[in-house]
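Data block below; observations after.
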Amino acid sequence: MANGAVTSLLQAHREGDPDALDKLMPLVYEELYRMAHHRMRGERRGHTLCTTALVHEAYLEMVELEEVAWADRQHFFALASRVMRNVLVDYAVKRNAQKRGGGRQRVPLRESDAEGTVDVEDVLAVHQALEQLAALEKRATRVVECRFFGGLTIEETADALDISPATVGRDWRLARAWLNRALTNGNGAEGEAHHGS
């Protein structure tokens with residue numbers, strides 16, 4: 001995908017070109033699909049939210065974010081991870097409301113979860129813990145969005161957030177440790193996430 005073409009179309013959209021996002025979709029669809037596929041591949045057959053639906057839902061939400069001043073391709077995919085998080089959380093909330101009380105055991109957030117092997121039923125627990133972490137460590141929260149919800153690699157996350165791969169690795173380890181305590185304890189690990197960055 002041509003980075004310059006994506007950036008140009010995002011800038012054109014910001015300047016009011018009504019056709020820019022329609023031209024953008026073919027350029028970013030494959031990458032969005034890959035991100036969604038990583039997130040959804042651990043789901044059971046017959047799951048009502050498929051990869052294509054996640055891509056379309058996320059893209060439609062992004063098109064409606066008129067207040068966003070799109071910067072470049074990296075900004076686009078970092079925001080795509082956040083929007084996919086919102087779509088998955090909304091879906092998990094609806095599904096949870098239908099099931100009410102299944103008493104599932106919370107599973108720790110593992111390195112492999114960045115590769116999409118987690119069940120959507122765990123998405124809500126991670127999201128709720130991540131809301132607590134965001135109050136302490138915004139950058140680490142963005143890293144989790146890119147890795148867990150967007151399925152991006154360490155390098156892709158570094159590119160999307162404009163930080164070094166080493167920083168992504170540190171933030172990912174920190175966030176996983178903090179979130180695992182939060183998921184285990186059920187009430188977070190307030191005040192323990194601060195670190196030198």
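Structure notes:
- Among the criteria (1) farther than 21 Å from Y33 by Cβ; (2) at pLDDT below 85; (3) assigned to a loop (DSSP other than H, G, I, E, B), the one D122 does not fulfil is (3).
- Residue within the range 33-47 that is surrounded by 20 or more Cβ atoms within 10 Å (Cβ to Cβ), of a type in the set (A, V, I, L, M) and modelled with pLDDT of 85 or more present: no
- Once the range 70-82 is narrowed to residues that are surrounded by fewer than 21 Cβ atoms within 10 Å (Cβ to Cβ) and in contact with a helix residue (DSSP H, G or I) (Cβ under 6 Å, 6 or more places away or on another chain), the residue that is nearest to H38 (Cα to Cα) is R82.
- Yes/no for R82 being under 15 Å from E145 (Cα atoms), in a helix (DSSP H, G or I) and at pLDDT 85 or above: yes
- M62 being outside any loop (DSSP other than H, G, I, E, B), surrounded by 12 or more Cβ atoms within 10 Å (Cβ to Cβ), in contact with a helix residue (DSSP H, G or I) (Cβ under 9 Å, 6 or more places away or on another chain) and at pLDDT 85 or above: no
- Test set (1) surrounded by 17 or more Cβ atoms within 10 Å (Cβ to Cβ); (2) modelled with pLDDT under 80; (3) over 21 Å from A5 (Cβ atoms) - Y91 fails condition number: (2)
Condition check ((1) under 14 Å from the mean Cα position of the chain (by Cα); (2) of a type outside the set (S, T, N, Q); (3) more than 21 Å from F76 (Cα to Cα)) across all residues:
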position: V123; (1), (2), (3): yes, yes, yes
position: Q128; (1), (2), (3): yes, no, yes
position: E131; (1), (2), (3): yes, yes, yes
position: A134; (1), (2), (3): yes, yes, no
position: E145; (1), (2), (3): yes, yes, no
position: I154; (1), (2), (3): yes, yes, no
position: T157; (1), (2), (3): yes, no, no
position: A160; (1), (2), (3): yes, yes, no
position: A166; (1), (2), (3): no, yes, yes
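- Residue within the range 18-30 that is at pLDDT 70 or above and in contact with a Ser or Thr (Cβ under 7 Å, 6 or more places away or on another chain) present: no
- Filter pass, D162 being surrounded by 21 or more Cβ atoms within 10 Å (Cβ to Cβ), of a type in the set (D, E) and modelled with pLDDT of 90 or more: no
The values are calculated or read from the model by the stated rules, or taken from the named source; none is laboratory data. Please read these numbers as outputs of a predicted model, since none were measured by experiment. A quick note on method: Cβ atoms are made from the backbone with ideal geometry, for glycine too, and the neighbour counts reach across all protein chains shown.
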